[in-house]
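Engineer: Next up is a structure, given as structure tokens.
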Amino acid sequence: MDEHGIAELMMDDEETANAFCPDFFSEFEQGLVEIERFGPKALILRGRTDVFSSGALRRELIAICEGKLCARNMTIAEQLLDVPFPTIAAMEGHAVGGGLALALCCDMIVAAEESRYGAPFMAIGITPGMGCTALLAEAVGPFLAAEMMYTARSYRGSELAARATNINRIVPRESVLAEARDLALQIADKNREALRMLKETLAVRKKQLLARARAQEDIMHKLCVATGDTRKAIDEWFLEEHDNE
């Protein structure tokens, strides 16, 4: 935490591109707990320059298909909403699926014009999860959110900016972190207790949306998996993504 009371939580797993897995969840939770002990006035959530977060690993998605894992039990989004200070997602790199949903649980978002953002769940044979069915519309509006989820395609930040989304700032990638820090600095001179109360109040709506969405998404996932085609779609999607790298 710096002298202004601004903390940064850096997600930096090059091997998995900050993908969701037990180790990631554990380290993320530990990071939040440690930061909260210092009582910051604002938190900037960062990813790698190339990838903010790539969402769930293939093995986690397969575990969902096999009934060994429930996406609703991945509480990383809820943990981020529960911290008693405002949060800013600095999305320098790409963010897809659960990785994008994680950013949507921040109070403010700064995105990069060059990076791609999407909710590709339908491309792997399942309906959107991690609260995307409710939270994505909060960031980009209901019609663009529907387009993003139905088509499963990713959009560059510049495309989102041209379509008048609710994202706070969409700037060149090299300016993302500076813009996020500027936002945090404007927050840091405010009364700490007032910030805590405002965060708690503003988070209520998003928590309610997330809780309702997660319950419905869990049901839809189970129905999708029951068709028997989801695992094949997951394998094909990850193979295609690997070929495109």
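Engineer: For the chain, what's the relative contact order in percent, using C-alpha pairs closer than 8 Å and at least 6 residues apart?
Structural biologist: Values: 456 pairs, mean separation 53.7, N = 245.
The normalised contact order for the chain reaches 22 percent.
Engineer: What spacing in nm lies between the two simple spin-label points modelled at Q79 and F38, each 7 Å away from Cα in the Cβ direction?
Structural biologist: With each label placed 7 Å out from Cα toward Cβ, I get 1.8 nm.
Engineer: Looking at the stretch 6-176, I'd like the Rg to Rh ratio, where Rg is from alpha-carbon atoms and Rh is Kirkwood's inverse mean 1/r. Spell out each step's value before the answer.
Structural biologist: Values: Rg = 15.0 Å, Rh = 16.0 Å.
Radius of gyration relative to Kirkwood radius: 0.94.
Engineer: As an exercise, identify the GluC sites (Glu not before Pro) in the stretch 153-240 lying in DSSP coil whose Cβ has no more than 15 other Cβ atoms within 10 Å. Show your work: numbers first, answer last.
Structural biologist: On the way: sites: E159, E174, E179, E193, E200, E217, E236, E240; in loops: none.
Listed in order of number, the matching sites amount to none.
Engineer: Considering only DSSP beta bridges whose two residues both sit in the stretch 6-176, what percent are antiparallel, to the nearest 5?
Structural biologist: Values: 3 of 25 bridges.
Taking every DSSP beta bridge with both residues in the stretch 6-176, the antiparallel ones total about 10 percent.
Engineer: What distance in nm lies between label points placed 7 Å from Cα along the C-beta direction at S26 and M197?
Structural biologist: The answer from the label model is 4.0 nm.
Engineer: Obtain the nm distance between the two label points defined at Q208 and S175 by a simple spin-label model: each point lies 7 Å from its Cα along the Cα-to-C-beta direction.
Structural biologist: 3.7
Engineer: Per residue of the chain, what 222 nm ellipticity follows from adding -39500 (n - 2.57) for every DSSP H run with n ≥ 4, rounded to the nearest 500? Intermediate values should be presented prior to the final figure.
Structural biologist: Values: 10 runs with 126 residues, N = 245.
So the helix-based figure for the chain works out to -16000 deg cm²/dmol.
Engineer: Restricting to lysine pairs 8 or more places apart or on different chains, what number in the chain have Cα atoms under 30 Å apart?
Structural biologist: Lysine pairs meeting the criterion: 15.
Engineer: Most exposed first by the Cβ proxy, i.e. fewest other Cβ within 10 Å, how do S53, S154 rank? Don't skip to the answer; put the middle values down first.
Structural biologist: Details: S53 31, S154 19.
Starting with the residue having the fewest Cβ neighbours, the order is S154, S53.
Engineer: What order do you get for S115, S158 when you list them from fewest to most C-beta neighbours inside 10 Å?
Structural biologist: S158, S115
Engineer: Would you mind working out the magnitude of the charge dipole of the chain relative to its Cα centre, with +1 at each Lys and Arg C-beta and -1 at each Asp and Glu C-beta, to the nearest 20 Debye?
Structural biologist: Details: 27 positive and 39 negative charges, 214 e Å.
Result for the chain is approximately 1020 debye, rounded to the nearest 20.
Engineer: Cut-off is 10 Å between beta-carbons; in what order do K41, K190 appear when sorted fewest neighbours first? Walk me through the intermediate numbers first.
Structural biologist: Details: K41 21, K190 14.
The fewest-first ordering by Cβ neighbours comes to K190, K41.
A short reminder: the numbers here are calculations on the coordinates, not readings from a lab. Quantities reported herein were computed from a predicted structural model and do not represent experimental measurements. Cβ: placed from backbone, ideal geometry, glycine included. Neighbour counts: every protein chain shown.
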